[in-house]
1. Could you list all residues from segment 90-108 that are part of a loop (DSSP other than H, G, I, E, B), open to solvent by 30 Å² or more (accessible area, probe 1.4 Å) and either aliphatic (A, V, I, L, M) or in contact with a Leu (Cβ under 9 Å, 6 or more places away or on another chain) (or both)?
2. Between G158, G111, which is free of Cβ contacts under 8 Å to residues at least 60 places away in the same chain and either touching a strand residue (DSSP E or B) at 6+ places or on another chain (Cβ under 9 Å) or surrounded by 23 or more Cβ atoms within 10 Å (Cβ to Cβ) (or both)?
3. Take L137 and tell me if it is under 29 Å from S63 (Cβ atoms) and surrounded by fewer than 22 Cβ atoms within 10 Å (Cβ to Cβ).
4. Is it the case that V23 is open to solvent by 50 Å² or more (accessible area, probe 1.4 Å) and part of a helix (DSSP H, G or I)?
5. Those residues that are touching a Gly at 6+ places or on another chain (Cβ under 6 Å) and not β-branched (V, I, T), I need them from segment 150-159; list them, please.
6. Looking at segment 96-107, is at least one residue among the hydroxyl-bearing types (S, T, Y), out of contact with any Pro (no Cβ under 7 Å at 6 or more places or on another chain) and without any contact (Cβ under 8 Å) to a residue 24 or more places away in the chain?
7. Hey, could you check segment 42-77 for residues that are open to solvent by 50 Å² or more (accessible area, probe 1.4 Å) and among the small types (G, A, S) and say which is nearest to the chain's Cα centre (by Cα)?
8. Residues of segment 186-206 being open to solvent by less than 60 Å² (accessible area, probe 1.4 Å) and under 14 Å from the mean Cα position of the chain (by Cα), which ones?
Amino acid sequence: MSVYFSIALCLAPFVLTFILYEVFSKIKVSTLLIASLLGFLAVLPISFIQFILVYYFPSIAQSDTNLLSVFLKTLLYNALLEEGIKTIFLILIPKKKSTFAHFFMACLLMGLSLGCFESVVYFLRHLESSSANNAVLLYHLIFIRMFSSVLIHTFCAGLCGIFIWSVKEKSADFIALIIAILSHALFDFFVYFSTWIQWFSIAAILLAIIECRIHYEKNKPLKEYKKSPLPTEGSSDVTVESALKDAPVQK
């Protein structure tokens with residue numbers, strides 16, 4: 001099993017998204033690079049603090065059958081800590097001369113880079129205790145995280161970014177931040193179990209995606225809703241105004 005290939009596989013969603021952003025969006029390359037670097041760097045304090053917490057409070061890492069206890073662990077140890085640090089790093093993404101849409105997209109990229117780099121960390125950690133016979137299981141882990149943990153990190157970062165922008169606009173959307181934390185907590189709560197309950201983690205991901213859409217529209221500046229008075233070529237805008245714009249004026 002090639003370690004380098006596996007690491008490249010972990011980072012593939014981030015690399016592909018970065019290329020798509022660069023080709024199809026008008027976001028500055030510097031902003032994309034900063035968002036990407038912040039995502040990678042955010043993993044370091046998160047991993048360090050979690051290591052310290054487990055070292056001094058080993059019960060955190062122990063199995064637990066009490067549902068309330070499990071949820072509180074995922075809420076405080078995972079969701080609150082990770083989304084809190086993520087929000088602090090998101091503040092560093094350049095906002096001057098940036099539109100809301102571009103800032104939001106940069107926040108998504110930051111969350112994606114964090115999630116992908118975290119997958120690298122998980123992969124290397126599992127690699128130490130695995131053998132060549134477990135190579136298939138490690139690939140399985142990579143793909144599972146690609147469509148689960150990476151997604152929840154991405155869209156929770158989007159919600160945290162919306163909160164940051166709303167504070168900048170002096171209309172703080174605390175609900176967006178709270179939902180980011182709760183979505184992350186619910187996701188980790190469901191994946192904690194090794195039974196069919198894990199499938200409910202999909203609902204947590206969908207919640208984060210839907211809430212991203214809702215709060216994006218809620219905080220979107222009015223100027224970004226403005227449309228050209230004339231429909232572009234090939235546009236499906238067939239309003240009455242469009243149909244009559246070339247009609248002769250009655251005298």
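1. I91, L92
2. Residue meeting the stated conditions: G158.
3. Values: under 29 Å from S63 (Cβ atoms): yes; surrounded by fewer than 22 Cβ atoms within 10 Å (Cβ to Cβ): yes.
Considered against the rule, which asks whether it is under 29 Å from S63 (Cβ atoms) and surrounded by fewer than 22 Cβ atoms within 10 Å (Cβ to Cβ), L137 comes out as yes.
4. When the stated conditions are applied, V23 passes them.
5. We begin by selecting, within segment 150-159, every residue touching a Gly at 6+ places or on another chain (Cβ under 6 Å); these are 150, 153-154, 157.
H153, A157 - these are the residues of segment 150-159 that are touching a Gly at 6+ places or on another chain (Cβ under 6 Å) and not β-branched (V, I, T).
6. Among the residues of segment 96-107, not one is among the hydroxyl-bearing types (S, T, Y), out of contact with any Pro (no Cβ under 7 Å at 6 or more places or on another chain) and without any contact (Cβ under 8 Å) to a residue 24 or more places away in the chain, which makes the answer no.
7. Checking each candidate, the answer is A61.
8. F187, A204, I205, listed by residue number.
The values are calculated or read from the model by the stated rules, or taken from the named source; none is laboratory data. Note that the coordinates shown come from a computational prediction; the quantities given were computed from them, not determined experimentally. Using ideal geometry, Cβ is built from the backbone for each residue, glycine included, and neighbour counts are taken over all protein chains shown. When the accessible area is computed, the model is the full protein with side chains, heavy atoms only, and any ligands, DNA or RNA have been set aside. Shrake-Rupley method; radii C 1.70, N 1.55, O 1.52, S 1.80 Å.
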